1. So how do 351, 157 line up by other beta-carbon neighbours within 10 Å, fewest first?
2. What order do you get for 240-252, 61-73, 260-272, 43-55 when each peptide is scored by the mean count of other beta carbon atoms within 10 Å, highest first?
3. For segment 1-124, rounded, prolate or oblate, judged on the Cα gyration tensor with a ≥ b ≥ c (square roots of eigenvalues), a/c < 1.5 rounded, else prolate if a/b > b/c?
4. Do you know the relative contact order of segment 43-152, to the nearest whole percent, from alpha carbon pairs under 8 angstrom that are 6+ apart?
5. May I ask you to derive the relative contact order of segment 66-225, considering only C-alpha pairs under 8 Å and at least 6 residues apart, and to give it as an integer percent?
6. Counting each DSSP H run of 4 or more residues in the chain as -39500 (n - 2.57), what helix-only mean residue ellipticity at 222 nm follows after dividing by all residues, to the nearest 500 deg cm²/dmol?
7. Indicate, rounded to the nearest 5 percent, the antiparallel portion of the DSSP beta bridges found entirely in segment 5-352.
8. State, as an integer percentage, the relative contact order of the chain based on alpha-carbon contacts under 8 Å between residues 6 or more apart.
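Every number here is computed from the coordinates shown, using simple stated rules; none is lab data. What you are looking at is a predicted structure, and each value in this text was computed from that prediction instead of being measured. Cβ atoms come from the backbone with ideal geometry, glycine included; neighbour counts cover every protein chain shown.
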Ligand SMILES: Cc1cc2nc3c(=O)[nH]c(=O)nc-3n(C[C@H](O)[C@H](O)[C@H](O)COP(=O)(O)O)c2cc1C
């Protein structure tokens, strides 16, 4: 078998990785009602490290006791008890010689299970498209969110920094991934039709990216230069799968140029099929565009890459690392299997539980 660069050692910032394979962040709603990580979660995460993934990225973790929680039974990083729950998990992963980053998330208008406060908030009072996800105990339309004011926006930026600090200095994570993708709060600010603000936090694409950039800045300031910080972004959303950035490559140029200057250690890009052209009438994938406009940045690519030759194709397009979602769920030992030339199991949504019925493009985020 041709040697795959997937299996060569890599790094993100100062953190060395034994290969280029990461487990993508996946919400599993298996914490306690109070958002404390469970023993079951420990066994789940530990298993990926045992299966030789170079990096595990946690499920999206909520960051404050206000409106950030997205789903019931989601884990948080807002209290000493929640920190202690995660510490068991990071210790277990480290004992397997693995590395684990925390994905920190604010749900904004897509919250459908918050045990702290009623209602939802967002950049503007625009009802999200689509329906709440029954998979996560939601039902019917999303409510219209209340528009966030300046003070609340500053407090959200602080909460991202607080959660990042808890994650790395108390809970033992090796790095932090800011969830800027899939339709949640930062993506709501970034997206033209959900952000109708005319102040500092809205306007053109650079204005709409500002909240993500300010969050990056605050997180970086809090954790220092030595801790890896990344951001995940996407075009599609859990409630709008086929959304595309309106100006195609022009938008990509602005986004990737600003993110390259933002001080992140890596950019995590998720598309439904990572190798496909990102925009109509342009042959380049999002990875190729990111590489073009952010030549020095470490890029992690995600999206239907459970076939090793596909993953390698996207590495050849310019990705430094690959993350697997469903492929990792079906094969906690995907790296070991593929390195040994063994077949990988197909993902079956039944793995997720009795209520799961996920069509290919409809992934919970
Ligand atoms: C059960 C499940 C939960 C997910 N939760 C998250 C999440 O918490 N954060 C996130 O950024 N993406 C989440 N995703 C999206 C995955 O990280 C990934 O982008 C998606 O599964 C596509 O990658 P794949 O083709 O390798 O499965 C979730 C996906 C699944 C299947």
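1. Numbers: 351 12, 157 17.
So the residues, fewest neighbours to most, are 351, 157.
2. Numbers: 240-252: 16.1, 61-73: 24.2, 260-272: 20.6, 43-55: 22.2.
Top of the packing list down: 61-73, 43-55, 260-272, 240-252.
3. Values: a/c = 2.64, a/b = 1.84, b/c = 1.44.
In terms of gyration-tensor shape, prolate.
4. Working: 200 pairs, mean separation 30.0, N = 110.
Result for segment 43-152 is 27 percent.
5. Values: 272 pairs, mean separation 42.1, N = 160.
RCO, segment 66-225: 26 percent.
6. Working: 10 runs with 109 residues, N = 365.
About -9000 deg cm²/dmol.
7. Roughly 15 percent of the beta bridges in segment 5-352 run antiparallel, per DSSP.
8. Working: 818 pairs, mean separation 60.5, N = 365.
Rounded, it is 17 percent for the chain.
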